[in-house]
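> Just dropping this structure here.
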Amino acid sequence: MRADQILVSAIATIVGLGVLLGACQIWSLPYRWKFIQNVDRRWGRTAATVTLWILACLLLGLAAMIALDYRPSYAR
């Protein structure tokens, strides 16, 4: 694994864990983001929490794919 992959994977993991803490309502910072505030105003706190869970899963999945050096079949 190259150094840039380690860096990007670590950043995605850190941000993903921060969003996951926000989704568990341990940390309130993600609820201050404009996008999450808009979801909260329009559809309620439950929808904002679900949005944070989805974002956390995507970020942690991305971090895992980068760390495992997964590439599509057409990439070299």
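FYI, it's all coordinate maths here, none of it is from the lab. Keep in mind the model is a prediction, meaning the values are calculated, not measured. Every residue, glycine as well, gets a Cβ built from its backbone with ideal geometry; the counts of neighbours run over all protein chains shown.
> Taking the Cα centre as origin and putting +1 on Lys and Arg beta-carbons and -1 on Asp and Glu beta-carbons, what dipole magnitude results for the chain, to the nearest 20 debye?
The dipole of the chain has a size of about 240 debye.
> Restricting attention to segment 1-53, which trypsin sites (Lys or Arg not before Pro) occupy a DSSP loop and are surrounded by at most 10 other Cβ atoms within 10 Å?
Answer in residue order: R2.
> Now a separate question. Fewest to most neighbouring Cβ within 10 Å: what's the order for D40, D4?
Listing D40, D4 from fewest to most nearby Cβ atoms yields D4, D40.
> Step through the residues of segment 20-32 one at a time and calculate ³J(HN,Hα) from phi using the Karplus curve (6.51 cos²θ - 1.76 cosθ + 1.60, θ = phi - 60°), rounding each to whole Hz and writing x for Gly and Pro.
For segment 20-32, the Karplus-derived couplings read 5, 4, x, 5, 7, 6, 8, 10, 9, 4, x, 6, 8 Hz, x marking Gly and Pro.
> Kindly state, as a whole number, the per residue volume in cubic angstrom of the convex hull around the alpha carbon atoms of the chain.
Normalising the Cα hull of the chain by residue number yields 104 Å³.
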